[in-house]
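A.B. asks: Shown below is the structure under consideration.
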Amino acid sequence: MIYDYLIVGAGFAGCVLAERIASQSGNKVLIIDRRNHIGGNCYDYYDESGVLVHKYGPHIFHTSSHKVWEYLSQFTEWIPYEHKVLAVIEGKKVPVPFNFNSINLIFPEEQAKRFQSLLLEKYRYGLKVPILKLIESRENELKYLADFIYKNVFYGYTVKQWGLKPEELDFSVTSRVPVLIGHDDRYFYDTYQGIPLKGYTELFNNIIKNKNIDVLLNTDYHLNISNLKYDKLIFTGPIDEYFDYCFGRLPYRSLEFEFRTFDKEWFQEAAQVNYPNDFDYTRITEFKHFSKQELPITSVAYEYPKAYINGVNEPYYPIQRKENDELYNKYKAIADRLDEKVLFLGRLAEYKYYNMDQIVGVALMTFEKQIAKEK
Ligand code: FAD
Ligand code: UDP
C-alpha cells in the first residue's frame, strides 16, 4: 500500500500531525519509530512494582496555550499537578526556582530580609530574573547574593548537565529556571499544568486511534527506505542524520537513568530533588508524586548526564549555543531547498529545546498553515 504520509517518529510531533492529517484530511498515514514503543521521550510504563514511571526522565505537562490544552484534553483527563523542585544547597533542601523562601531557608533572618528588600528596590514583585542577568548586579550585597546563587544552584548543575558553564550556553537555557522575586515555589508558572490521568502512553494511544493511521515499531527510517511506499514525508528524527551528516554531526547531550525501587512508601518530600553540588547525578525523581498511586513501595530515577555517542545512547537534548545553532542553520538551509514533500518538525529535527506543549503547538500550526491548505 502507498501511504499519503510517512511520519518518522512516534513522539508528540509525529503523533499530533498524524492525528490531524488522518482525522481532518482523511489521508492514510504510516508512523514508524525505531524504538519498540510510541510516545517518544514522553513514554511511560508500569515497572515491576506497579509504579507508573517515565522511561526517559520526569515529564510534567504545562502550558499557557488554551488551544494546546484543549486539543490534548480530547484524548485524556488530567491529574492536577504543580511541579515543585528542591535543590540541596549547603546541606539544606531549598525551593528552585530560587526565591524568597529559598533565601529565608539559607541566610540568617536579618540578612535574608536585607537581600529581599534590595531585590525589591531593583525588581518588581513577581518578576523572573535570569541568573546571567542577576549576576551583572553592581551593588555589592546583591552581587554577593547573585554569585552565591550562580555558584550553588547553577554552576555545578550546568557543568554536570551539559559539560559547559552557564555562560557557554545560549542565555535561554539557564533562563528556563529564573530567580523569582517572590514566594512562589512552583517550577512552572503556566495556566494549565497536569499529568495525563492514565499516563502519557495511554494519551498517545488515544491520539493515534484512527483507522487511517498505521504504526510500525522497531523500524528505522534509514534501514527501511526501500520498503516504505509513501507520497509525502514528515521527519521528526535528528536532521543531521537525515542528511547523512554532510556538514558534520550536531552535538546532543545524553542521559543515563538508574531506576531503583524502595520498600517504603515515600523516598523524598518532592517529586524532584536536584543535586547541583554533590554526586555525579543531577536529580532524583520520585514518580508516585505524579501518578498519586497509593502503594507501599516507591520507585525513583537517578539522572546521570552523559556525552552523546551515536549508536550507543540517545540524543536527548540539543545543545543550544551559537556554533551549534549555526551548524543547524546549514542543515535547515538544505532542508528548505528540498521539494515540499518533506517536512522537518520536532525537538531533534529542528534542533530546538522544545517543551511538550511547544511541540504540540508547532504541530497544530504546521497542520493548519502548511498541510490543510494544500487540500
Ligand atoms: P521525541 O519525543 O524525541 O520523538 C522523536 C521520535 O523519533 C523518537 O521516538 C525516536 O525514536 C524517533 N526517531 C528518530 N529518528 C528515527 C529514525 N531514523 N527512524 C525511526 N524513528 C526515529 N517537556 C515538558 O513539557 N515537560 C517536561 O517535564 C519535560 N521533561 C523532559 C525531561 C527529559 C529528560 C527530556 C529529555 C525531555 C523533557 N521534555 C519535557 C521535552 C519533551 O520530551 C519533548 O518536548 C518532546 O518529547 C518532543 O517531542 P518530539 O516528537 O519532537 O521528539
Ligand atoms: N539548572 C541549574 N540548576 C538547577 C536547575 C536547572 O543549573 O537546579 C539549569 C541547568 O543548566 C539546566 C537548565 O537550567 O540544564 C534548564 O533546567 P530544566 O529543569 O528546565 O531542564 P530539563 O528539565 O529540560 O532537563
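A.B. asks: Go through (1) touching a strand residue (DSSP E or B) at 6+ places or on another chain (Cβ under 8 Å); (2) of a type in the set (Lys, Arg); (3) surrounded by fewer than 18 Cβ atoms within 10 Å (Cβ to Cβ); (4) within 18 Å of Ala349 (Cα to Cα) and name the single condition Arg249 misses.
C.D. replies: Against the list (1) touching a strand residue (DSSP E or B) at 6+ places or on another chain (Cβ under 8 Å); (2) of a type in the set (Lys, Arg); (3) surrounded by fewer than 18 Cβ atoms within 10 Å (Cβ to Cβ); (4) within 18 Å of Ala349 (Cα to Cα), Arg249 comes up short only on (1).
A.B. asks: Right, here's the next one. Could you tell me which residue of region 44-80 is nearest to ligand 1 (Cβ to nearest atom), considering only residues that are within 22 Å of Lys264 (Cβ to Cβ), in a loop (DSSP other than H, G, I, E, B) and of a type outside the set (D, E, K, R)?
C.D. replies: Checking each candidate, the answer is Pro58.
A.B. asks: List the residue pairs whose Cβ atoms are under 6 Å apart, where the first residue sits in region 340-352 and is in contact (Cβ under 8 Å) with a residue 24 or more places away in the chain and more than 15 Å from Cys15 (Cα to Cα), the second is of a type outside the set (Gly, Ala, Ser) and within 15 Å of ligand 2 (Cβ to nearest atom), and the two are 6 or more positions apart or on different chains.
C.D. replies: Tyr351/Pro318
A.B. asks: Whether any residue in region 154-175 is over 20 Å from the mean Cα position of the chain (by Cα), β-branched (Val, Ile, Thr) and either assigned to a helix (DSSP H, G or I) or surrounded by fewer than 16 Cβ atoms within 10 Å (Cβ to Cβ) (or both) is what I want to check.
C.D. replies: No: zero hits.
A.B. asks: Tally up the residues in region 115-143 that are in contact with a helix residue (DSSP H, G or I) (Cβ under 7 Å, 6 or more places away or on another chain) and within 16 Å of ligand 2 (Cβ to nearest atom), please.
C.D. replies: Of the residues in region 115-143, 5 are in contact with a helix residue (DSSP H, G or I) (Cβ under 7 Å, 6 or more places away or on another chain) and within 16 Å of ligand 2 (Cβ to nearest atom).
A.B. asks: Next up: Looking at Leu338, Leu364 in this structure, which one is among the aliphatic types (A, V, I, L, M) and at pLDDT 95 or above? Show your work before the answer.
C.D. replies: Working: Leu338 fails: at pLDDT 95 or above.
Just a single option satisfies the conditions, and that option is Leu364.
A.B. asks: Let me ask another. Restricting region 125-165 to residues that are small (Gly, Ala, Ser) and more than 24 Å from Tyr304 (Cα to Cα), which is nearest to ligand 1 (Cβ to nearest atom)? Reasoning before the result, please.
C.D. replies: Filtering region 125-165 for residues small (Gly, Ala, Ser) gives 126, 137, 146, 156, 163.
Next, only the ones that are more than 24 Å from Tyr304 (Cα to Cα) stay: 126, 137, 146.
Values: Gly126: 23, Ser137: 30, Ala146: 27 Å.
In this case the residue turns out to be Gly126.
A.B. asks: Among the residues of region 144-162, what is the count of those that are away from ligand 2 (no atom under 11 Å from the Cβ) and out of contact with any helix residue (DSSP H, G or I) (no Cβ under 9 Å at 6 or more places or on another chain)?
C.D. replies: Filtering region 144-162 for residues away from ligand 2 (no atom under 11 Å from the Cβ) gives 144-148.
From what's left, out of contact with any helix residue (DSSP H, G or I) (no Cβ under 9 Å at 6 or more places or on another chain): 147.
Matching residues across region 144-162 total 1.
The values are calculated or read from the model by the stated rules, or taken from the named source; none is laboratory data. Everything numeric here is computed off the predicted structure, so don't read it as measured data. In this analysis, Cβ positions are derived from the backbone assuming ideal geometry, glycine residues included, and neighbour counts consider all displayed protein chains.
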